[in-house]
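Here is the structure we will look at, set down as structure tokens.
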Amino acid sequence: MSFIAFLILGLIVGAIAKAILPGRQRGGILITMLLGVVGALLGGWIGGAIFGVGLENFWSLQTWLVAIVGSLVVLGVYGAVVRRRA
């Protein structure tokens, strides 16, 4: 997958993760989407290490699922850290 496609995937997945995991995380939609890019990277790495599934094809359901799971993990950790500091 190209770098631009990966960024687009991460931005969309960040918005999806925010819809699935609502809460009062600080930062707004831009931070959420950036966390989605990080989460997509994490999901691709974990998916490749555990299940042999990566982020090779933009239109693959497996790609979207591992990216969403990774984004949910990153968004959850970010929410816990921000909540702890406040």
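The values are calculated or read from the model by the stated rules, or taken from the named source; none is laboratory data. Everything quoted here is computed from the prediction, not taken from an experiment. All Cβ positions, glycine included, derive from the backbone under ideal geometry; neighbour counts span all protein chains shown. With ligands, DNA and RNA removed, areas are computed over all heavy atoms of the protein, side chains included. Shrake-Rupley method; radii C 1.70, N 1.55, O 1.52, S 1.80 Å.
Cβ-Cβ distances below 8 Å connect the following pairs, each with a first residue in the range 46-65 that is at negative phi, a second residue that is open to solvent by 60 Å² or more (accessible area, probe 1.4 Å) and charged (D, E, K, R), and a separation of six or more residues or different chains: 63/56.
Among the residues making up the range 66-86, a single one is within 15 Å of residue 9 (Cβ to Cβ) and touching a residue at least 60 places away in the same chain (Cβ under 8 Å): 71.
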